[in-house]
Amino acid sequence: MRGGCIAEFVYIWFMIKTSDFRNTCPSLIIMAAGLGSRYGSSKQLDAVGPRGEKLMDYTLFDAINGGFEQVVMVVSESNEKQIFENYDPLLKGKVAFSTVAQPKAGRTKPWGTGHAVLSAKKEISGSFAVLNADDYYGPKAMQLLCATLKANQRNRFACMVAYPLRQTLSKSGAVSRAICLHNENNVLESIQEYTNITADKKGSVYAQMEGKKVTLKPNAAVSMNCWGFSNDFFERLEIEFEKFLSHNKNEQQAEFYLPAAVQSAIDDKQLGVDMLHLDVEWFGLTHPSDRYHATERLLRLTEKKLYPSPLWT
């Protein structure tokens, strides 16, 4: 076992052992309201596992085993009934489950990830984690998120699971990634979005920045929307969303992004974000061809006995 992996397991074990399990277990918000315009269909309900499992099933499986006891799915008004009827029977007796429709208020698309989280406010009473429905994060990410939130029961706390850039590239084409800069104490300082990121055959990674080609470090820490927050972050989101609306209320394409709200809170010294580094496999569904790679990887993980087949019994 590599030294980095040993350190990851030791840290997870330490966080679990030092957590106060008398505290309310953190909740999990899964953002599943995306329209899948680039994917071409509903990513949330696409069967990619060996027995027809959805990608979100694996996140739920890992989250339950990692210690989460409540799941709130933020869905669209059009798919809420289908998602609830799919997951309520599967999750009954395993975890408290509910869905919340993210309102579009007359728009053709949702208001973005920051608004998606804000939509779940009434369902959450304690600390919470936030994930995308169309990404695979892995069991260690769920364990680490849950243990970290349990161990940090204080206001203005946040954490983020960061992945090395090289673990998040797609074989289907260029991607956009949010590269995170942090200080010597692994506290997040800034988030910089890069577009058109690709890697050559030698493993060198490049992106476009203001129309110019720039070289990126393959091990640069990136955010894949894998966050944890104390409950008072909802108050900050409300403030940021009001500011956003004051400038974008009539803009049909404008979106209120969660990372932008986090960055604003950091700049105002109202939030500290602990970076939790994991060098593990990540993959997601963005382009149609991503489905093949996701199916292949999930089959491999199942063959390695990381997951049972069928997943839900």
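The values are calculated or read from the model by the stated rules, or taken from the named source; none is laboratory data. Quick caveat, the model's predicted, so the values are computed rather than measured. No Cβ is skipped: glycine too gets one built from the backbone with ideal geometry, and neighbour counts run over all protein chains shown.
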If we ask which residues in region 84-101 are touching a residue at least 24 places away in the same chain (Cβ under 8 Å) and more than 16 Å from residue 28 (Cα to Cα), their number turns out to be 2
Please specify each residue of region 269-285 satisfying the condition of being under 16 Å from residue 129 (Cβ atoms) and among the charged types (D, E, K, R).
274
Show the residue pairs meeting these rules: Cβ distance below 8 Å; 6+ apart or different chains; first residue within region 209-232 and on the phi > 0 side of the Ramachandran plot; second residue β-branched (Val, Ile, Thr).
225/113; 225/130
Taking residue 127, is it within 21 Å of residue 279 (Cα to Cα) and of a type in the set (Gly, Ala, Ser)?
no
Go through region 181-218 and give me each residue that's among the acidic types (Asp, Glu), surrounded by 13 or more Cβ atoms within 10 Å (Cβ to Cβ) and at pLDDT below 90.
193
Has region 248-257 got at least one residue that is over 17 Å from the mean Cα position of the chain (by Cα), surrounded by fewer than 16 Cβ atoms within 10 Å (Cβ to Cβ), closer than 27 Å to residue 105 by Cβ and basic (Lys, Arg)?
yes
What pairs come out if I take residues in region 254-281 that are touching a residue at least 12 places away in the same chain (Cβ under 8 Å) and pair them with residues that are aromatic (Phe, Trp, Tyr) and surrounded by fewer than 22 Cβ atoms within 10 Å (Cβ to Cβ) whose C-beta lies under 9 Å away, six or more apart or interchain?
256/241; 261/241; 271/157; 272/157; 273/157; 274/157; 276/11
Output for region 186-218, where each listed residue is hydroxyl-bearing (Ser, Thr, Tyr) and closer than 14 Å to residue 169 by Cα:
194, 195, 198, 204, 206
If only one of 72, 48, 95, 100 is β-branched (Val, Ile, Thr), in contact with a Leu (Cβ under 9 Å, 6 or more places away or on another chain) and over 24 Å from residue 309 (Cβ atoms), which one is it?
72
On the basis of being of a type in the set (Lys, Arg) and either at pLDDT below 95 or under 30 Å from residue 203 (Cβ atoms) (or both), does residue 121 make the cut?
no
Consider residue 23 against the criteria (1) modelled with pLDDT under 85; (2) closer than 30 Å to residue 106 by Cα; (3) surrounded by fewer than 23 Cβ atoms within 10 Å (Cβ to Cβ): it satisfies all of them except one. Which criterion is unmet?
(2)
Do you know which of the residues in region 258-281 that are crowded, with 20+ Cβ neighbours inside 10 Å and in a loop (DSSP other than H, G, I, E, B) is farthest from the chain's Cα centre (by Cα)?
271
With the requirement that a residue be more than 21 Å from residue 125 (Cα to Cα), among the hydrophobic types (A, V, I, L, M, F, W, C) and either crowded, with 16+ Cβ neighbours inside 10 Å or within 18 Å of the chain's Cα centre (by Cα) (or both), what does region 47-83 give you?
48, 55, 56, 61, 83
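Each row is one residue, and each column tells you yes or no for (1) among the hydrophobic types (A, V, I, L, M, F, W, C); (2) at pLDDT 95 or above; (3) under 18 Å from residue 117 (Cα atoms); (4) in contact with an Asp or Glu (Cβ under 8 Å, 6 or more places away or on another chain).
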residue: 19; (1), (2), (3), (4): no, no, no, no
residue: 45; (1), (2), (3), (4): yes, no, no, no
residue: 58; (1), (2), (3), (4): no, yes, no, no
residue: 73; (1), (2), (3), (4): yes, yes, yes, no
residue: 77; (1), (2), (3), (4): no, no, yes, no
residue: 86; (1), (2), (3), (4): no, no, no, no
So residue 172, is it surrounded by 15 or more Cβ atoms within 10 Å (Cβ to Cβ) and modelled with pLDDT of 95 or more
no
Scan region 290-310 for residues that are in contact (Cβ under 8 Å) with a residue 24 or more places away in the chain, over 21 Å from the mean Cα position of the chain (by Cα) and part of a loop (DSSP other than H, G, I, E, B) and report the count.
2
Selected residue (only one of 190, 204 is over 18 Å from residue 278 (Cα atoms), in contact with a Ser or Thr (Cβ under 9 Å, 6 or more places away or on another chain) and small (Gly, Ala, Ser)):
204
